[in-house]
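Asker: Just dropping this structure here.
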Amino acid sequence: MSTRNAVLVAALLALASSTAVAAEGPNLGQPITEKEVGAWDINAMPDGTGLPPGSGTSAQGAPIYAQKCAACHGEGGKGASAGALVGNPPITGIESPKTIANFWGYSTTVFDFIRRAMPWISPRTLTNDEVYAITAYILAENKLIGPNDVMNAQTLPKVKMPNADNFIIRFPDRI
Amino acid sequence: MRDSQRHRSGDLDSLPPAAGNGLLDRRALLGRGVLFAGAAATGVGSSLTGAAAEPLKDDPWSQTAGSISPAYERPSKYEQQRVNRILSNPNGEPRTSHARTPHHLLNGTITPNGLHFTIVHSGTPDIDPDKHRLVIHGLVRQPKLFTLETLSRYPMASITTFVECGGNSAPMFSNEAVQGTVQQIHGLCSCAEWTGVRLSTLLDECGVDPKAKWFVAEGADSLALSRSVPLTKAWDDALVALYQNGERIMPGNGYPMRLLLPAWQGNMNVKFLRRIQVSEGPAMSYYETRTYSQLLPNKKAYRFHFLNEVKSFITSPSHGMTLKGPGFYEITGIAYAATGRIAKVMVSADGGKSWAQAALQAPVIPKSFTRFRAPWNWNGSPAILQSRAWDEGGNVQPLRADFVAARGETQKPVTNPLGFPNQHYNSITSWGVDPSGQVKHVYA
């Protein structure tokens, strides 16, 4: 290595180390473990990552749905003050209603949104088994799974959603 | 001043036309004062009002000491009844609530905090700032927890930028022009100076795994609203914002902290921010895969419509106003683009047959509201006012026919001016003026 190159390398190393120091910032965040994040860690990803232990069937979900969901979403998921959860109307135009069966791309989104946001008046009070059971009930009523299929962290991500392939990433260059 | 810009006659008709139907050169009246000085001297000014001035005298408020200064100033009582947001859910029913900015009653580029649009999907949470926490975890070397107090000690950055709901202007997907004001149609966008901690600083401190490409942001609202964001935006210009126009963020805008993704789809700017999970892929959350994935005419749908593309609309004159006779009016509005600075705004008074360049108010800030102004001498005949914006990257606001061809329109007319038949409308708005001076939303 020439003297000139050696100086250049030294300068680059110095620059790199000073950048690293600057990037560290004030470091005022309190270290925390994933276990301590615990109850807040509720993202269910499309590949099943983040789905908790537990399971449920449509038969188990039906009475829970009737008790905790039907007041807003209607009997059998047909819709009331809140939107319909069951039904597969054809998409005929840009303003067509988007339903789980005719539009949603991922079954895990059903579980994720029930777990994080429902019931409206008492979110995040359902057990994981209850969320799996209600998810199974909604998917079965939509004929997206069989009436006796068990939903759990392994089976749920494998449920094929009919509209899954009809999405276009609008700005792929920004990802 | 160049002689060519002097107009001594005082007669609006003598000013150089810049386009059809009375549009004047954008430089004709800007900061010169010449026209109106001349107009007063020749009597044109008084002819605009049609009334002779009475001798001036002191009014009662000038004859006595005024009121005590309040600790927190509110607008004049004359404004408080008049200048407000439109509420879509004033009784707090269990559904989304929208509060829309009254663009037609504002001027300049900054939206006052009390009039900044808000959307909350399950009400505004009452968050104790001392107990609020933000956790960053997932694909990081060391997960960390931040309080408002610790974040307040970090180096801060300010960004003046607009926030726009993906559903703003959506009633314009209607196949017939919905009868709505600029507030009803375009009120789900606003512009503020946001101050906070760069998200990249916090992510660097946690040490992001090279495998990570996304993060999932989540709020402390009852829905725990969540959105997936590419990490590229975090490294670019994302903030954990603590301040809005200099004061702590308003409750409806995410107090005590929100994610700010300058110029990206409003819903992604997660409010009441409490958790960021760094991840390899997106979560495909409810709002990104359902609500804000918009249908296209071919029945496919756009997903991850991050950018609010180049757009402009005239705020005055606009739907619901009545012009008080022929004569001078300033056509003014706002333009903005997620793709950078506004480079040019053209204005038409004849429904797009001819166009004049509008003046852009300095400073023109990227990803921010840009105020445009164009002088107009209305001759009392029917007029259709339009604006069209270009950004510095050459992106142009699409003409309505082109937009509808690509993005579609409804099969039945939209009758609710607060409705959401689709998302991300950025085509041209037309305000029709009839000979009586009434201004209405039209398609042209």
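Values in this text are rule-based calculations from the coordinates and carry no lab data. Here the structure is a predicted model, which means the values were calculated and not measured. Cβ placement follows ideal geometry from the backbone for every residue including glycine, while neighbour counts extend to all protein chains displayed.
Asker: State to the nearest 20 debye the size of the charge dipole of chain B about its Cα centre, where the only charges are +1 on K and R beta carbons and -1 on D and E beta carbons.
Answerer: Rounded to the nearest 20 debye, it is 680 debye.
Asker: Among B:Leu151, B:Leu239, B:Leu56, which one moves the most in a GNM of chain B with springs linking Cα atoms closer than 10 Å?
Answerer: Result: B:Leu56 has the largest fluctuation of those listed.
Asker: Continuing with this model, one more query. Classify region A:98-157 as rounded, prolate or oblate from the Cα gyration tensor: take a ≥ b ≥ c as the square roots of its eigenvalues, call it rounded if a/c is under 1.5, otherwise prolate when a/b beats b/c and oblate if not.
Answerer: Taking the square roots of the gyration eigenvalues as a ≥ b ≥ c, region A:98-157 is oblate.
Asker: Whose amide H sits under 5 Å from the amide H of A:Leu51, counting only residues 5 or more places off or on another chain, with H placed in the peptide plane?
Answerer: Placed amide hydrogens put A:Met45 under 5 Å from A:Leu51.
Asker: Tell me, B:Trp431, B:Trp390 in order of fewest to most beta-carbon neighbours within 10 Å?
Answerer: B:Trp390, B:Trp431
Asker: Put +1 on the Cβ of every Lys and Arg and -1 on every Asp and Glu Cβ in chain B; which of B:Val414, B:Val364, B:Leu87 then has its Cα farthest towards the positive end of the dipole?
Answerer: Value computed over the given set: B:Val414.
Asker: Suppose only helical runs count, i.e. DSSP H with n ≥ 4. What mean residue ellipticity at 222 nm does that imply for chain A under -39500 (n - 2.57) per run, divided by all residues and rounded to the nearest 500 deg cm²/dmol?
Answerer: It comes out at -11500 deg cm²/dmol, rounded to the nearest 500.
Asker: Sticking with this structure for a sec: Using the Cα centre as the reference, give the magnitude of the dipole from point charges on the C-beta atoms of chain A (Lys, Arg: +1; Asp, Glu: -1; all else neutral), rounded to the nearest 20 debye.
Answerer: 240 debye
Asker: Further question on the same structure: Length gain on complete extension for the stretch B:Ile68 to B:Thr96, per 0.36 nm per residue less the alpha carbon to alpha carbon distance?
Answerer: Separation in residues times 0.36 nm, less the Cα-Cα distance, equals 6.2 nm.
Asker: Still on this structure, please answer the following. Taking the mean number of other Cβ atoms within 10 Å as a proxy for protection, how do you rank A:27-35, B:265-273, A:49-57 from highest to lowest?
Answerer: The most tightly packed comes first, giving B:265-273, A:49-57, A:27-35.
Asker: With each run of n ≥ 4 DSSP H residues scored as -39500 (n - 2.57), what mean residue ellipticity at 222 nm is computed for chain B after dividing by its residue count and rounding to the nearest 500 deg cm²/dmol?
Answerer: -2500 deg cm²/dmol
Asker: Below 8 Å, C-alpha to C-alpha, sequence gap of six or more: please give me the relative contact order for chain B in percent.
Answerer: 19 percent
Asker: Separate question: Label-point separation (nm) for A:Ile168 and B:Asn298, each offset 7 Å from Cα along Cα-to-Cβ?
Answerer: Taking the two extended label points, one gets 0.5 nm.
Asker: Moving to a separate point now. Taking chain B as a Gaussian network, where each spring joins two C-alpha atoms under 10 Å apart, which residue of B:Asp59, B:Asp237, B:Asp350 fluctuates the most?
Answerer: Result: B:Asp59 has the largest fluctuation of those listed.
Asker: Would you list B:Trp264, A:Trp40 from fewest to most Cβ contacts within 10 Å?
Answerer: A:Trp40, B:Trp264
Asker: Putting +1 on Lys and Arg Cβ atoms and -1 on Asp and Glu Cβ atoms, find which of B:Leu15, A:Ile169, B:Pro210 reaches farthest to the positive end of the dipole of the protein assembly as shown.
Answerer: Sorting the options by dipole projection puts first B:Leu15.
Asker: Now, a different point. Positive end of the charge dipole of region A:42-166 (Lys, Arg +1 and Asp, Glu -1 on Cβ, about the Cα centre): tell me which of A:Pro123, A:Ala62, A:Thr109 has its Cα farthest that way.
Answerer: Most positive-ward Cα: A:Pro123.
Asker: Can you sort B:Glu392, B:Glu205, B:Glu93 from fewest to most other Cβ atoms within 10 Å of each residue's own Cβ?
Answerer: B:Glu93, B:Glu392, B:Glu205
Asker: Using a simple charge model, +1 on the beta-carbon of Lys and Arg, -1 on the beta-carbon of Asp and Glu, nothing else, what dipole does the protein assembly as shown show about its Cα centre, in debye to the nearest 20?
Answerer: With only Lys, Arg, Asp and Glu charged at Cβ, the dipole is about 620 debye.
Asker: A follow-up question, please. Students often forget the sequence filter, so: which lysines lie under 23 Å Cα-Cα from A:Lys143 once same-chain residues fewer than 8 apart are removed?
Answerer: Leaving aside lysines fewer than 8 places away in the same chain, those within reach of A:Lys143 are A:Lys68, A:Lys78, A:Lys98, A:Lys158, A:Lys160, B:Lys299, B:Lys300.
Asker: Which order, highest average first, do B:417-423, B:360-366, B:383-389 follow once you tally other Cβ atoms within 10 Å for each residue and take the mean per peptide?
Answerer: Averaged packing, sorted descending, gives the order B:383-389, B:417-423, B:360-366.
Asker: Moving on to the next point. With θ taken as phi - 60° and the coefficients 6.51, -1.76 and 1.60, list the Karplus ³J(HN,Hα) couplings across region B:156-164 in order, rounded to whole Hz; mark glycine and proline as x.
Answerer: Along region B:156-164, the couplings run 10, 9, 10, 10, 8, 8, 8, 10, 9 Hz.
Asker: If you don't mind, another one. Nearest-5 percent of antiparallel DSSP beta bridges in the protein assembly as shown?
Answerer: 90 percent
Asker: Taking each residue in A:49-62, count the Cβ atoms of any other chain within 10 Å of its Cβ, then average. What number comes out?
Answerer: 1
Asker: Sticking with this one: If you count, for every residue in A:29-37, the Cβ atoms of partner chains within 10 Å of its Cβ, what is the mean?
Answerer: 6
Asker: Taking each residue of B:299-310 in turn, how many C-beta atoms of other protein chains fall within 10 Å of its C-beta, and what is the average?
Answerer: Per-residue shielding by partner chains comes out at 5.
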